[in-house]
1. With respect to residue 96, determine if the residue is surrounded by 15 or more Cβ atoms within 10 Å (Cβ to Cβ), modelled with pLDDT under 90 and farther than 26 Å from residue 212 by Cα.
2. In the set 312, 284, 290, which member is without any contact (Cβ under 8 Å) to a residue 60 or more places away in the chain, over 49 Å from the mean Cα position of the chain (by Cα) and surrounded by 10 or more Cβ atoms within 10 Å (Cβ to Cβ)?
3. Restricting attention to the stretch 498-516, which residues are free of Cβ contacts under 8 Å to residues at least 24 places away in the same chain and within 24 Å of residue 403 (Cβ to Cβ)?
4. So, in the stretch 81-93, of the ones that are assigned to a loop (DSSP other than H, G, I, E, B) and under 35 Å from the mean Cα position of the chain (by Cα), which residue ends up surrounded by the most Cβ atoms within 10 Å (Cβ to Cβ)?
5. Would you check if there is a residue in the stretch 114-132 being modelled with pLDDT of 85 or more, within 47 Å of the chain's Cα centre (by Cα) and either over 15 Å from residue 156 (Cα atoms) or surrounded by 17 or more Cβ atoms within 10 Å (Cβ to Cβ) (or both)?
6. Report, by residue number, each residue of the stretch 64-75 that is without any contact (Cβ under 8 Å) to a residue 24 or more places away in the chain and either buried (at least 20 other Cβ atoms within 10 Å of the Cβ) or in a strand (DSSP E or B) (or both).
7. Could you check how many residues of the stretch 34-48 are part of a loop (DSSP other than H, G, I, E, B) and in contact (Cβ under 8 Å) with a residue 40 or more places away in the chain?
8. If we keep just the residues of the stretch 398-436 that are free of Cβ contacts under 8 Å to residues at least 60 places away in the same chain and within 25 Å of residue 459 (Cβ to Cβ), which is surrounded by the most Cβ atoms within 10 Å (Cβ to Cβ)?
């Protein structure tokens, strides 16, 4: 019997080759999912093999043991015992129970059954099942209900290779697989099981609720409405039995029936959705064929029209060639005439350009004379206005004439005290008519410079004079003077008029000067340019 088994090395090579093809197909179908890897065992006939299980990172302290015996046509019997199995809901609200799976290297997946547990404390869970597979890996996953057709990615236990196989020839091969890739397990909008205390709710009832949820998620509301309605009615019976505190076996029976109906509704929804999509695809293809036929008919009509148009164009081309010969003779005659007219045109253009230059020179001379007269007149007006402007400024303080322009010196009495930048009421009253005078004389740029003595910190003196100059500028602007004409600067304690060693000298040095610079006017020659 043992001689009929393949050697471990040959079977490993064969299984590895088969699984390599399977893995490439899986990766091509779902490249965004990372495949898991576990170990498949080839179990000898009529030999009992003990296999240990280890917990994954989900439940690292979980452990289990399985006795596995293959008995020919009767299949392979698996007796699994798991220690310290918590409630599945502790791994996430979508999970309600645990399922044992067998996975062959060829990719066959067998749901071996639900690992049941009850009560709120950790308990030992056992499962005694049979699989037709000979070479397979075993693993335990948390699932939304016991009738799921493919394992989720919540793997909690995986088998290890046998440590003491005895005399049996046992071959192992790596198995890679992908868990259930349904978006149901990743969708943040999927609600968890709505129950105030999951520990009090029977696991079978939780699984029935998830079966209904999965059916809805698969589109049963549209593609399997009758099956979904039947499953919902069965779930309502189970819910009523639980609310009425019926015996647990009766609740489990009703719940498992609802789970079965929900799984059937999910399967029918998937089947009908695929059929509907195929029908829609067929309809689209038929519509495309009809459109292509219409396009072909239209193309034939267009070809006929194009042929007629081509014949017409050919006749027109022949006529055009005859007309072209006649036209060529006319063109030669016209070219001779055009050459003569071009020479005449060039002569007329030259005479016209000469006349334009002469006219422009006359206009320029006249504009220059007019600009000169305007400049003389404006200079006379500015001289008369400057005298009036200086006389008007004298009422606000001392006025002197410098190379820059007229300088108005404001007295120290304009400020609240020697170290303040607040204008007195009398100063504000004087600045109002001064602003009106400046607004009526827009030809002057206004430079405000504030000075003080050198007693104190230089930075503070600089800030004081800058604040004073700015205060006068703001007062003038608020009274109607264009801010673009004003430049306000603080000079600090620099540029004294007298010695700062005496009281009278310091008083002279504390001053504010407003320089009025007459804006330069364009010259007569510049104004005359076009």
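The values are calculated or read from the model by the stated rules, or taken from the named source; none is laboratory data. No experiment lies behind these values; they were computed from the predicted model shown. Here Cβ is always computed from backbone atoms with ideal geometry, including for glycine, and neighbour counts include all displayed protein chains.
1. Details: surrounded by 15 or more Cβ atoms within 10 Å (Cβ to Cβ): yes; modelled with pLDDT under 90: yes; farther than 26 Å from residue 212 by Cα: no.
So residue 96 does not fit the description; no.
2. Numbers: 284 fails: over 49 Å from the mean Cα position of the chain (by Cα); 290 fails: over 49 Å from the mean Cα position of the chain (by Cα).
Unique residue meeting the criteria: 312.
3. 498, 508
4. Residues of the stretch 81-93 assigned to a loop (DSSP other than H, G, I, E, B): 86-87, 92-93.
With the extra rule that they be under 35 Å from the mean Cα position of the chain (by Cα), the set shrinks to 92-93.
Details: 92: 15, 93: 17.
Ranking the qualifying residues of the stretch 81-93, first place goes to 93.
5. Taking the stretch 114-132 first, the residues modelled with pLDDT of 85 or more are 114-115, 127-132.
Keeping just the survivors that are within 47 Å of the chain's Cα centre (by Cα) gives 114-115.
Next cut, either over 15 Å from residue 156 (Cα atoms) or surrounded by 17 or more Cβ atoms within 10 Å (Cβ to Cβ) (or both) only: 114-115.
Yes, some residue in the stretch 114-132 is modelled with pLDDT of 85 or more, within 47 Å of the chain's Cα centre (by Cα) and either over 15 Å from residue 156 (Cα atoms) or surrounded by 17 or more Cβ atoms within 10 Å (Cβ to Cβ) (or both).
6. Narrowing the stretch 64-75 to residues without any contact (Cβ under 8 Å) to a residue 24 or more places away in the chain: 65, 67, 73.
Passing the criteria: 65, 67.
7. Initially, the stretch 34-48 is screened for residues part of a loop (DSSP other than H, G, I, E, B), giving 34-35, 43-44, 46-47.
Now restrict to residues that are in contact (Cβ under 8 Å) with a residue 40 or more places away in the chain: 35, 43-44, 46-47.
Residues in the stretch 34-48 being part of a loop (DSSP other than H, G, I, E, B) and in contact (Cβ under 8 Å) with a residue 40 or more places away in the chain: 5 in total.
8. Filtering the stretch 398-436 for residues free of Cβ contacts under 8 Å to residues at least 60 places away in the same chain gives 398-401, 403, 413, 415-417, 419-436.
Among the residues that remain, those that are also within 25 Å of residue 459 (Cβ to Cβ) are: 415-417, 419-423.
Values: 415: 22, 416: 13, 417: 8, 419: 13, 420: 12, 421: 18, 422: 12, 423: 19.
Residue satisfying both the conditions and the ranking: 415.
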